Amino acid sequence: MSGSVPRWQWFHDYFAPTEVHLHGYKRMLFQKETPYQLLEIVDSPYFGRMLILDGDVQSSERDEYIYHEALVQPAMVLHPNPRRVLVMGGGEGATLREVLKHKSVEKALMFDLDPEVVNACRELLPEWSAGAFDDPRTELYFGDARALLFNYQGEPFDVIISDLTDPFQEGPSYLLFTREFFQLVREKLSPQGVFALQASLLRNLTYEMHRAIRATLKEVFPIVHSYFAYVQAFDTTWGFALASNSLDPQEISPQEIDRRISFRISGELKYYDGETHISLFHLPKDIRTLISQGGPIIEDKKPFWLPRKGNE
């Protein structure tokens with residue numbers, strides 16, 4: 001075989017101090033240490049453009065739709081008429097994009113901590129948001145999501161989506177996964193409100209954070225379900241959680257989900273439908289056993305930190 005081997009640049013995405021996924025990329029499109037995190041956007045020959053925060057892959061051009069549809073659509077479709085929606089985090093704008101596919105949405109607020117992430121994504125990853133930031137239903141606010149939510153005095157939200165970074169030690173999100181914060185979320189929801197959140201890795205060797213999030217949610221909400229999807233750019237199954245006062249995602253049929261999608265959605269869903277919904281919420285036995293054992297309750301004074309990537 002003739003020809004030279006391409007000289008890629010590499011970055012390390014750590015799962016544990018001794019487990020790492022190497023991603024090769026052609027060029028660094030953007031790199032900046034913001035006041036909150038290290039922001040990088042790279043051009044990968046395999047995944048296309050990739051957003052990386054503090055060395056942790058957030059999404060990739062080729063498969064971001066899997067993560068974002070899995071995060072947003074189960075909660076949006078479950079609610080009978082989602083009109084007012086809050087997105088926390090999600091600087092790429094893709095989470096907001098999925099929310100705005102629903103014709104019933106009248107107002108979508110987005111709280112994001114880091115304007116530099118949003119600005120870089122609007123410039124370099126415009127397909128992620130697909131015009132969502134310019135939609136007249138969107139209201140974008142920058143600042144700490146907890147403070148913004150505490151001070152919010154408007155009508156209750158029908159759906160709240162948390163697309164926040166994992167709670168790394170001394171990172172910007174560690175107080176956004178506590179019982180106190182989840183109680184605040186519940187107070188801001190309408191009676192049939194639904195709360196969905198990204199809830200860290202969920203596999204049989206890395207589940208402790210998800211289990212703690214699930215246990216903490218169960219202290220606040222009467223209905224809590226874990227679910228997961230495999231995201232190739234993450235090289236793992238990723239965990240999510242859905243919580244509600246009254247609506248159960250396991251009590252809606254795939255036929256009803258498909259019916260709601262057909263008349264509610266403007267645009268395309270490439271991943272989520274009724275059949276996918278069933279698979280998302282049916283976890284394998286080993287995972288069910290691990291997360292059913294309960295976990296520490298995360299509190300403001302007792303946060304459950306993840307170590308920084310690559311550190312003991």
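Values quoted throughout were computed directly from the atomic coordinates according to the rules given, and no laboratory measurement underlies them. Please read these numbers as outputs of a predicted model, since none were measured by experiment. Neighbour counts are summed over all protein chains in view; Cβ atoms, including those assigned to glycine, are modelled from backbone coordinates with ideal geometry.
What fraction, in whole percent, of alpha-carbon pairs in the stretch 64-220 exceed 25 Å separation? Cα-Cα pairs in the stretch 64-220 separated by more than 25 Å: 25 percent. Distance between the pseudo-spin-label points of Leu140 and Gln9 (7 Å out from Cα toward the beta carbon): 2.6 nm. For the stretch 64-292, the number of Lys pairs with C-alpha atoms closer than 20 Å, counting only pairs eight or more positions apart or on separate chains, is 4. Let me make sure I get this right: for the stretch 10-60, a, b and c are the square roots of the gyration tensor eigenvalues over alpha carbons, sorted descending. Under 1.5 in a/c it's rounded, otherwise prolate if a/b > b/c, else oblate. Which is it? Because a/c hits 1.5 or more and a/b fails to exceed b/c, the stretch 10-60 counts as oblate.
For the chain, what does the helix formula give at 222 nm: sum of -39500 (n - 2.57) over DSSP H segments with n ≥ 4, over the residue count, nearest 500 deg cm²/dmol? Write down the numbers at each step before the final one.
Details: 10 runs with 90 residues, N = 312.
Calculated from helices alone, the mean residue ellipticity at 222 nm is -8000 deg cm²/dmol.
Spin-label pair Glu180-Gln250: with each label point 7 Å from Cα along the Cα-Cβ axis, the two points sit 3.2 nm from one another.
Can you figure out the FRET efficiency of Glu268 with Phe150, using R₀ = 45 Å and their beta-carbon distance, to the nearest 0.05? It comes to 0.80. Applied to the stretch 217-229, the Karplus parametrisation 6.51 cos²θ - 1.76 cosθ + 1.60 on θ = phi - 60° returns per-residue 3J(HN,Hα) values of 4, 5, 6, 10, 10, x, 10, 9, 9, 8, 8, 8, 9 Hz, with x for Gly and Pro.
Rg ratio for the stretch 59-113: its Cα radius of gyration over 2.2 N^0.38 Å, N being its residue count, equals 1.09.
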